[in-house]
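The structure under discussion appears below in the form of C-alpha cells.
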Amino acid sequence: MVSNGTSSESITISSATFQYFSLPTPAVYLNGLTYNGSSTWLDSSPNGVNATLGTGTAAKNGAGNALLLNGSTYWTFPEINLGNAWTVCIWVKNLSLNGASLLTQELGSASSIIVADPDYAYLNVIFYNSSGRVGVAGANSKQPSVTTNTWTYIQGTWDGSSLITYFNGVQYGPTQTISQVCVPGNGVYYIGRRFNGSQTVNAEVGEIRIFRSALTASQIAILYNYTKPSFT
C-alpha cells in the first residue's frame, strides 16, 4: 500500500543549528547500501515500490554503496502517482548520459520527472506534459561540471508553480516559475534509460529518494548533509 505521506522520517544531524529534523515519508527510497545484488532493488520506504532489472547485469560498485550502470543496464519501478508536487534526490558518480536520462518516466502524454535531459545533456530536473518538456529552458538548464570519481547529489523540487534544481544541497540557477501542470504519466519509471529509446547511461547510482511534496531549501540542504557521509 502506498503511504499518503502524513508520517515522517526523523533524522539526527550533528550540527549546532539542527539536532533533530523531520522529513515526509518518501514515496520511494532506493538505497545502494542495502541493495543485495539480486535482480530486485528493494524499496526502503514503507511502500514496497521495488525496482526491477530491465536489461544488463545487476552489480554493486567496489565500495558497496551504489549500483553500477554499465551502459547496457537499466532498472524500472512502477507508477507512484506523484500528483502536482514532488521532490527527487539522486546520488550519482561517474555519469555519462549517452543520450539517455538518469531518471525518467515512460512517456505517453506526460512524465512526472525527468532528471537529466537526454538531448541537451543538462543535469537539471524537468518534467513533460502535453506541451512538451517543461523546465529545460532557462539559466538553470546548465549545471556545474560533474567531476570524475566525485559523488554529486542532484535534487529537484516542484510545488505546482516553482521548479528548482539543486546540486549538493545548494540551489543552482534561478527558480523557474511555470504556469503549466505536471501530470503523472501512468507509466513505469526508468533508472538510467532514455524515455523513448534504448540508450542507457554509464553511472554509479547510490540513492534515489522521491517525495510527494516539495521540500524546502532547508530540508534539501539537511538531507544532503545527512546522506553525504555514505558517499563522500
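Miscellaneous remarks
- Extension gain from residue 147 to residue 180, taking 0.36 nm per residue of separation minus the Cα-Cα distance: 8.5 nm
- Segment 22-230, relative contact order [Cα under 8 Å, separation at least 6], %: 30 percent
- Pairwise FRET efficiency - residue 218 versus residue 33, Cβ, R0 = 22 Å, nearest 0.05: 0.30
- Between residue 85 and residue 106, residue separation times 0.36 nm minus the direct Cα-Cα distance comes to 5.7 nm.
- Of the residues 135, 56, 71, the one that moves most in a GNM of the chain with alpha-carbon contacts below 10 Å is 56.
- If you model segment 47-149 as an ellipsoid using its alpha carbon gyration tensor, with each semi-axis the square root of five times an eigenvalue, the axes come out at 23, 19, 12 Å, biggest first.
- GNM flexibility winner over the chain from 25, 150, 73 (Cα, springs under 10 Å): 150
- Using the Karplus relation 6.51 cos²θ - 1.76 cosθ + 1.60 with θ = phi - 60°, the per-residue 3J(HN,Hα) values for segment 107-114 come to 8, x, 9, 7, 8, 5, 9, 10 Hz, with x marking Gly and Pro.
- Entry note, the chain: the mean residue ellipticity at 222 nm calculated from DSSP H runs of n ≥ 4, each adding -39500 (n - 2.57), is -1500 deg cm²/dmol after division by the residues and rounding to the nearest 500.
- Among 162, 61, 124 the positive-end extreme of the charge dipole of segment 22-230 (Cβ point charges): 61
- Rounded FRET efficiency, nearest 0.05, which uses the C-beta distance separating residue 198 from residue 60 and R0 of 30 Å: 0.80
- Listed candidates (1) 8, 31, 34, 21, 6, 0; (2) 8, 36, 41, 14, 1; (3) 7, 29, 39, 21, 4, 0 - label of the one calculated as P(r) over Cα pairs in 10 Å bins from 0, in percent: (2)
Rule-based calculations on the coordinates, nothing more; no lab input. Since the model is a prediction, treat every value here as computed from it, not as a measurement. Positions of Cβ are generated from backbone atoms using ideal geometry, with glycine treated the same way; all protein chains shown enter the neighbour counts.
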